[in-house]
1. Checking Arg194 against (1) within 17 Å of the chain's Cα centre (by Cα); (2) closer than 20 Å to Gly39 by Cα; (3) part of a loop (DSSP other than H, G, I, E, B), only one condition comes out false. Which one?
2. In segment 100-138, how many residues are hydroxyl-bearing (Ser, Thr, Tyr) and within 13 Å of the chain's Cα centre (by Cα)?
3. Please go through segment 187-234 and pick out each residue that is under 20 Å from Ser88 (Cα atoms), surrounded by 21 or more Cβ atoms within 10 Å (Cβ to Cβ) and either hydrophobic (A, V, I, L, M, F, W, C) or assigned by TED's automatic domain parsing to the domain that holds Gly35 (or both).
Amino acid sequence: MSISRRSLFGLAALAAAAGCSGPEAGPAELRLVTGLAGGPYRPLGDRLAEELRRQGMPVRAVATAASVQNLTMMADGRADAGFALADSADDAVRVRRQPVSALARMYMNYVHLVVPKGSSVTTVGQLAGRAVSIGLEGSGTAVTATRVLAAAGLAEPPEIVRLNLDACIEALLGGRIEAFFWSGGVPTPALAARDDLRLLSLESLVPVLRRSFGPVYEDGTVPAGSYGAARSVRTVGTPSYLLCRNSLPAEVAYTITETLFSARDRLQAPSAPGGRLDERYAIGTGVVPLHPGAARYYRSVYG
């Protein structure tokens, strides 16, 4: 993604127009909402919190069900910053008008539709009437999975189950469900450690999702060998954002954004383009406006 001074000033104007900044003092302790065990948000959030503490900022990292819960907590003031999938964030701003802003587009997530290695299921269409976990209530995975299943136009609805990742694996191998969805970086450690699972392609559904929801969905490829498969698997990709409440003071938002990039090698964010966080990639947050503090950081980088 290319960037220019004009585009950066345009982003700053857009963020300012959104009314993101205000006279409110910074929080005594920054509440950073993260995600589920086994997913990337929790360890990434813990590492970011530690880096911010090195800058003298008191931070409490809070484990959550991830995207939807994080957005709700930022919107109602129970959290100051946190992670969410782009489709959940887009819905929060465009549909629900929640007062949240972006600090950075972080990295690409890939939708994993997982079945047992020996399963007879080879396409998403074959999940009609079968037990499928779409992820926990309040998770971004559940939002994306619901849309994927709707886009697939199944002959009959699946039996929906809501489990976290570890419980999904246990239920799948125990025969209590026949497939589960997971959205995360590649490889996801809990899945990479196994040789008895297989991913289904979702390639045909990307254009269907884009027609309904726009560019928050992209073509994604899980490389061959990521989970022991000899071939790559085409699927649905959607980015992760680092966000904050609109009323977060600009100086705090600037510090978080600056720390995100100054500490990027230590943060070990999954699957960012080029293998690391990138400022040009980071400003592409769609309808979610950049917080003025974040916009000021990007202007300082590009002059």
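1. Checking Arg194 against (1) within 17 Å of the chain's Cα centre (by Cα); (2) closer than 20 Å to Gly39 by Cα; (3) part of a loop (DSSP other than H, G, I, E, B), the one that fails is (1).
2. 2
3. Within segment 187-234, Leu202, Leu205, Leu209, Val216 qualify.
Rundown of residues vs (1) of a type in the set (A, V, I, L, M, F, W, C); (2) more than 22 Å from Ala86 (Cα to Cα); (3) part of a helix (DSSP H, G or I), yes/no style:
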{"site": "Pro187", "(1), (2), (3)": "no, no, no"}
{"site": "Ser201", "(1), (2), (3)": "no, no, no"}
{"site": "Ala229", "(1), (2), (3)": "yes, yes, no"}
{"site": "Tyr254", "(1), (2), (3)": "no, no, yes"}
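The values are calculated or read from the model by the stated rules, or taken from the named source; none is laboratory data. Computed from a predicted structure; not experimentally measured. Quick reminder, even Gly has a Cβ in these numbers, built from the backbone with ideal geometry, and neighbours come from all protein chains shown.
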